[in-house]
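S.K.: Take a look at the following structure, please.
The values are calculated or read from the model by the stated rules, or taken from the named source; none is laboratory data. Values in this document were obtained by computation on a predicted structure and should not be read as measured data. Neighbour counts run over all protein chains shown; Cβ positions are idealised from the backbone, glycine included.
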């Protein structure tokens with residue numbers, strides 16, 4: 001059995017617990033804005049070294065990107081690709097793969113005219129810094145990239161025709177050995193490898 005004092009003690013203990021809970025109410029939950037503000041206030045200040053490094057990195061990336069899409073540089077790439085395409089066309093003409101009146105010759109002549117017009121516009125734009133940046137904003141680089149792709153596409157078509165012609169000659173046994181085919185292929189790949197753009 002319980003003594004009457006034990007029940008009274010239990011009552012006083014419960015009363016003391018309730019009193020403590022009412023004296024210290026639960027803390028309110030912070031809102032998102034308060035938490036982020038506290039994090040910002042507790043963040044260490046950035047050093048001038050990291051700020052300078054970030055600025056230099058952004059400047060270097062901007063300079064690299066502007067060089068990559070520069071119309072002057074892309075014009076030089078376009079001329080190199082056109083020269084390679086003309087050489088491939090000339091060797092195809094010499095090898096009897098193409099004739100002077102086929103559609104590939106006409107397409108090459110049209111591309112040469114387009115490259116000439118594009119190069120002239122790029123050279124005119126390179127005379128003035130204002131015109132240079134205006135050409136960048138107008139998308140001159142995209143026009144040059146599209147022209148480069150067209151010229152490379154024609155070169156690829158001519159190379160495919162040359163390979164088909166070699167295969168047909170080998171299949172017919174027209175006096176061309178597999179050793180000659182391998183030498184021609186090896187010569188064309190080493191020539192193109194030496195002219196990387």
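S.K.: Working only within segment 125-137, note down all residues that are surrounded by 12 or more Cβ atoms within 10 Å (Cβ to Cβ) and part of a helix (DSSP H, G or I). Working first, answer last.
M.R.: First, the residues of segment 125-137 that are surrounded by 12 or more Cβ atoms within 10 Å (Cβ to Cβ): 125-126, 131-136.
125, 131, 132, 133, 134, 135, 136 - these are the residues of segment 125-137 that are surrounded by 12 or more Cβ atoms within 10 Å (Cβ to Cβ) and part of a helix (DSSP H, G or I).
S.K.: If we keep just the residues of segment 99-123 that are without any contact (Cβ under 8 Å) to a residue 24 or more places away in the chain, surrounded by 12 or more Cβ atoms within 10 Å (Cβ to Cβ) and touching a helix residue (DSSP H, G or I) at 6+ places or on another chain (Cβ under 9 Å), which is farthest from residue 76 (Cα to Cα)?
M.R.: Looking at the filtered set, the residue picked out is 105.
Every residue, every condition in (1) closer than 30 Å to residue 165 by Cβ; (2) modelled with pLDDT of 70 or more, yes or no:
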residue	(1), (2)
7	no, no
14	no, no
46	no, no
60	no, yes
65	no, yes
99	yes, yes
103	yes, yes
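S.K.: Okay, moving on. From the list 100, 96, which one is out of contact with any strand residue (DSSP E or B) (no Cβ under 6 Å at 6 or more places or on another chain) and at positive phi? Talk me through it step by step, then tell me what you get.
M.R.: Working: 100 fails: at positive phi.
96 is the lone residue from the list that is out of contact with any strand residue (DSSP E or B) (no Cβ under 6 Å at 6 or more places or on another chain) and at positive phi.
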